[in-house]
1. Do we have Leu215 as open to solvent by less than 10 Å² (accessible area, probe 1.4 Å) and modelled with pLDDT of 95 or more here?
2. Report, by residue number, each residue of segment 140-164 that is open to solvent by less than 20 Å² (accessible area, probe 1.4 Å) and in contact with a strand residue (DSSP E or B) (Cβ under 6 Å, 6 or more places away or on another chain).
3. Could you please let me know if Ala202 is farther than 15 Å from Pro148 by Cβ and in contact with a helix residue (DSSP H, G or I) (Cβ under 6 Å, 6 or more places away or on another chain)?
4. For segment 176-199, name all the residues that are over 14 Å from Leu248 (Cβ atoms) and open to solvent by 30 Å² or more (accessible area, probe 1.4 Å).
5. Scan segment 237-254 residue by residue and report those that are more than 19 Å from the chain's Cα centre (by Cα) and of a type in the set (Val, Ile, Thr).
6. Show the residue pairs meeting these rules: Cβ distance below 6 Å; 6+ apart or different chains; first residue within segment 30-51 and at positive phi and modelled with pLDDT under 90; second residue among the hydrophobic types (A, V, I, L, M, F, W, C) and not in a loop (DSSP other than H, G, I, E, B).
7. Got a number for residues in segment 170-219 being on the phi > 0 side of the Ramachandran plot and either free of Cβ contacts under 8 Å to residues at least 40 places away in the same chain or not in a loop (DSSP other than H, G, I, E, B) (or both)?
Amino acid sequence: AGQVAIGLENLRLEEQQREFERAREIQQGLLPQEVPQAPGFQIAGAWQPARSVGGDYYDIFPLGEGRLALVIADVSGKGLAAALLMSNLQAAVRAFAAETATPAELCARVNRMISGHITAGRFITFFYAILDTRARRLAYANAGHNPPLLRGADGQVRPLDRGGTVLGLFRDSPYEQEVIGLRPGDRLLLFTDGLSEAANAAEEEFGEERLAAQLGAFGNAGAEEIKDGLLRAVSDFCGGSFRDDATLIVIRVE
């Protein structure tokens, strides 16, 4: 009887693992399969879940007339519950982006939708931007997400923190936006806290200061090389042990 019980438990665990793998395949299908590019810009992105599935989300898609939508978000919690909420967020963003003129308006609409369906105690940090590749301008709104880091060609770093509170807590939260100009040599990093909060054996976090320093350490490297270098630096720091999902988008202005 004991051997039968162990066998049944092993079968259950194997089936559970297969379910997680199928869920991971579905979730990966919701993320960009190819990152869109635009004249004068290099763009790269990466998603690395801490488990089979996770709550991080990023997206890059064209809006027409030389504009690209940039999205990065982090659903509170991990596992299947976070992954399901992430899929709902992706559907809402894709639907509203085609109808909504500004990042602030999109944040407000997505927040109203999410607030009506999210369970108590859950929320989403969210950043949405529209990159105008012709005018070299970025309009963005930050809903409680880790502020992306814009490192200018002069070495100055500024956080993109204009916006409002996280999604899902208050249905009628207001959101602000900011429009900034971009210049050749600028580098923009969008990231989730799986990178900045990755810790070493001494429980020291990698931190945003190190991310900003790394962002400026690649000379004239392209976006793909910067992305790979950042992931490698964080992985070396934490010994390859990521406690949380790690997601990033890198944009280099040429």
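1. No, not satisfied.
2. Tyr140, Ala141, Asn142, Ala143, His145, Pro148, Leu149, Leu150, Leu160, Gly163
3. Against the criterion (farther than 15 Å from Pro148 by Cβ and in contact with a helix residue (DSSP H, G or I) (Cβ under 6 Å, 6 or more places away or on another chain)), Ala202 does not qualify.
4. Within segment 176-199, Glu176, Gln177, Glu178, Val179, Gly181, Arg183, Pro184 meet the criteria.
5. The one that is more than 19 Å from the chain's Cα centre (by Cα) and of a type in the set (Val, Ile, Thr): Val253.
6. The qualifying pairs do not exist here.
7. 3
The values are calculated or read from the model by the stated rules, or taken from the named source; none is laboratory data. No experiment lies behind these values; they were computed from the predicted model shown. Methodologically, a virtual Cβ is constructed for each residue, glycine included, from the backbone with ideal geometry; neighbour enumeration extends over all protein chains shown. SASA here: full protein model, heavy atoms, side chains in, ligands and nucleic acids out. Shrake-Rupley method; radii C 1.70, N 1.55, O 1.52, S 1.80 Å.
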